[in-house]
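Notes to accompany the following structure.
The values are calculated or read from the model by the stated rules, or taken from the named source; none is laboratory data. Everything numeric in this text was worked out from a predicted model, so none of it was measured. Every residue, glycine as well, gets a Cβ built from its backbone with ideal geometry; the counts of neighbours run over all protein chains shown. These accessible areas exclude ligands, DNA and RNA; they are computed on the full protein's heavy atoms, side chains included. Shrake-Rupley method; radii C 1.70, N 1.55, O 1.52, S 1.80 Å.
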Amino acid sequence: MARDSQAPRVGRNVIALGLVSFFTDVSSEMIYPLLPLFLTITLGASVSFVGAIEGAAESTAALLKLASGWWSDRVHRRKPLVLIGYTIASITRPLIAIATSASQVLAIRVGDRVGKGLRNSPRDALIADSVDPAIRGRAFGVQRAWDNAGAMVGPLVAFALLQWEGLTLRTVFWLALVPGILAVGTVIWGVREVPKREAKASTLDLAQPMGGRFWAFLAVILVFTLGNSTDAFLLLRARQLGVPIALAPIIWALLNLVKTTFNAPGGALSDRVGRRPTLVAGWLFYAAVYLGFAHASQQWHAWALFAVYGLYFGFAEGAERALVSDIVPAERRGTAFGWYYLAVGLGALPASLVFGVVWDRVSPAAAFTMGAALALVAALGIAMLPVRQQQRAPGRA
């Protein structure tokens with residue numbers, strides 16, 4: 001019993017940042033699963049333009065994630081950028097309610113992602129700073145579980161407001177402001193800065209301190225991201241398979257229920273068996289789901305594939321972020337997460353654009369098969385990532 005009482009715990013910051021993610025995702029996911037339908041049906045946008053909006057938004061965020069991560073290392077403070085980022089996103093996101101064209105939605109989505117760009121790298125570095133390395137995977141898994149719980153609740157709230165209260169899409173988008181305000185309040189009163197170690201802020205270098213293994217990992221992440229287009233395409237594919245528009249929030253909630261269930265166990269598994277095998281398993285689930293969507297023909301296929309898709313997130317999300325923390329010096333974590341998110345963001349725009357073009361000009365099956373193939377290549381690449389010397393260290397790769 002004494003040993004259990006001394007076991008590392010995730011602590012206040014992880015729980016608080018988890019709650020922040022929960023409220024933020026309730027707000028975001030009241031809008032996101034409805035957005036591709038709002039764009040294509042209400043505003044008349046093409047599938048390709050949906051891909052362009054999501055890709056441009058994520059790429060914009062990626063550039064800011066690098067800058068904000070580097071700055072949080074330099075000044076040895078994470079919380080101010082976390083607070084600013086969540087505030088900007090919470091205010092900007094509901095403005096989709098007044099959009100009258102797809103180009104206006106593009107501008108609003110970019111503004112929303114500016115907030116995400118400012119907050120994510122400092123937030124993830126703060127989580128890594130706040131916990132014992134032996135439970136780093138679990139800590140990131142817990143945060144992701146809260147995040148995905150919000151993504152489950154958000155669509156259910158939207159569904160209830162649309163179906164039971166009879167509200168319009170635009171009114172639902174406005175109401176997304178409420179959980180956003182709760183998220184900002186939780187950052188202010190719940191998150192604490194972690195005292196930093198001595199560091200040479202004046203000599204920070206964006207490239208040299210990371211090491212070859214980090215850059216190899218980043219290259220593999222980029223390959224995977226090129227096949228990881230916006231999930232808006234999955235919602236459109238579900239619509240093709242017969243899932244009614246009114247049930248779009250429900251199928252999205254199902255996905256996030258599975259994510260929430262498996263995030264913490266997946267992160268903890270990476271603490272025990274290593275990051276690489278856990279991550280490979282997650283990416284293999286991804287490839288299987290995309291191949292499934294390529295050949296699906298009935299409505300129930302969409303529901304089953306969305307559920308299995310949640311396993312990819314459960315296995316991969318915590319392991320990816322913990323691996324970033326494992327392979328760089330502690331004083332460079334913010335910058336490392338910035339580079340990680342930059343790789344993801346730079347791949348997001350071409351991934352979504354190419355996927356949309358292949359969907360429009362060839363077929364949805366061809367687009368999903370392309371995504372599955374890139375995931376398989378990336379899984380092979382991560383399996384070949386060099387293993388670090390100290391095999392028994394916590395959070396082994």
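Observations on the structure shown:
- Count of residues meeting criterion [surrounded by 24 or more Cβ atoms within 10 Å (Cβ to Cβ) and modelled with pLDDT of 95 or more] in segment 272-286: 5
- Verdict on Thr369 being in a helix (DSSP H, G or I), touching an Asp or Glu at 6+ places or on another chain (Cβ under 8 Å) and either in contact (Cβ under 8 Å) with a residue 24 or more places away in the chain or within 18 Å of Met210 (Cβ to Cβ) (or both): no
So that you can scan it fast, the table gives a plain yes or no per residue for (1) out of contact with any Leu (no Cβ under 9 Å at 6 or more places or on another chain); (2) part of a helix (DSSP H, G or I); (3) more than 14 Å from Ile31 (Cβ to Cβ); (4) modelled with pLDDT of 90 or more:
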| position | (1), (2), (3), (4) |
| --- | --- |
| Leu118 | no, yes, yes, yes |
| Ser121 | no, yes, yes, yes |
| Asp129 | yes, yes, yes, yes |
| Gly137 | no, yes, yes, yes |
| Leu161 | no, yes, no, yes |
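Residue by residue, here is whether (1) open to solvent by 30 Å² or more (accessible area, probe 1.4 Å); (2) modelled with pLDDT of 95 or more; (3) among the β-branched types (Val, Ile, Thr); (4) touching a His at 6+ places or on another chain (Cβ under 8 Å) holds:
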| residue | (1), (2), (3), (4) |
| --- | --- |
| Leu342 | no, no, no, no |
| Ala351 | no, no, no, no |
| Val357 | yes, no, yes, no |
| Phe368 | no, yes, no, no |
| Ala373 | yes, yes, no, no |
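A quick yes/no check of all residues on (1) open to solvent by less than 10 Å² (accessible area, probe 1.4 Å); (2) more than 20 Å from Thr335 (Cα to Cα):
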residue: Asp129; (1), (2): no, no
residue: Ala134; (1), (2): no, yes
residue: Gly137; (1), (2): yes, no
residue: Gly141; (1), (2): yes, yes
residue: Asp147; (1), (2): no, yes
residue: Val157; (1), (2): no, yes
residue: Val178; (1), (2): no, yes
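- Candidate set from segment 218-258 (those that are under 30 Å from Ala336 (Cβ atoms) and part of a loop (DSSP other than H, G, I, E, B)); member that is most open to solvent (accessible area, probe 1.4 Å): Asn228
- Search result, residues across segment 287-328 that are open to solvent by 10 Å² or more (accessible area, probe 1.4 Å), part of a helix (DSSP H, G or I) and over 17 Å from Arg237 (Cα atoms): Leu311, Tyr312, Phe313, Phe315, Glu317, Glu320, Arg321, Asp326
- Scan of segment 61-75 for residues that are modelled with pLDDT under 85 and either open to solvent by 50 Å² or more (accessible area, probe 1.4 Å) or closer than 16 Å to Leu226 by Cα (or both), ordered by number: Ala62, Leu63
- Listed by first and then second residue, the pairs linking a residue in segment 233-255 that is closer than 17 Å to Glu29 by Cα to a residue that is outside any helix (DSSP H, G or I) and of a type outside the set (D, E, K, R), with Cβ atoms under 7 Å apart and 6 or more places separating them unless they lie on different chains, are Ile251/Val243.
- Checking each residue in segment 39-60 for being surrounded by fewer than 22 Cβ atoms within 10 Å (Cβ to Cβ) and either touching a Ser or Thr at 6+ places or on another chain (Cβ under 8 Å) or within 18 Å of Ile98 (Cα to Cα) (or both) picks out Thr40, Ile41, Thr42, Leu43, Gly44, Ala45, Ser46, Val47, Ala52.
- Criterion violated by Ala379 - all others in (1) open to solvent by less than 10 Å² (accessible area, probe 1.4 Å); (2) at pLDDT below 95 satisfied: (2)
- Scanning segment 72-105 for residues that are touching a Phe, Trp or Tyr at 6+ places or on another chain (Cβ under 7 Å) and of a type in the set (Asp, Glu) yields a total of 0.
- Yes/no for Gly85 being in a helix (DSSP H, G or I), of a type outside the set (Ser, Thr, Tyr), more than 22 Å from Glu331 (Cα to Cα) and in contact with a helix residue (DSSP H, G or I) (Cβ under 8 Å, 6 or more places away or on another chain): no
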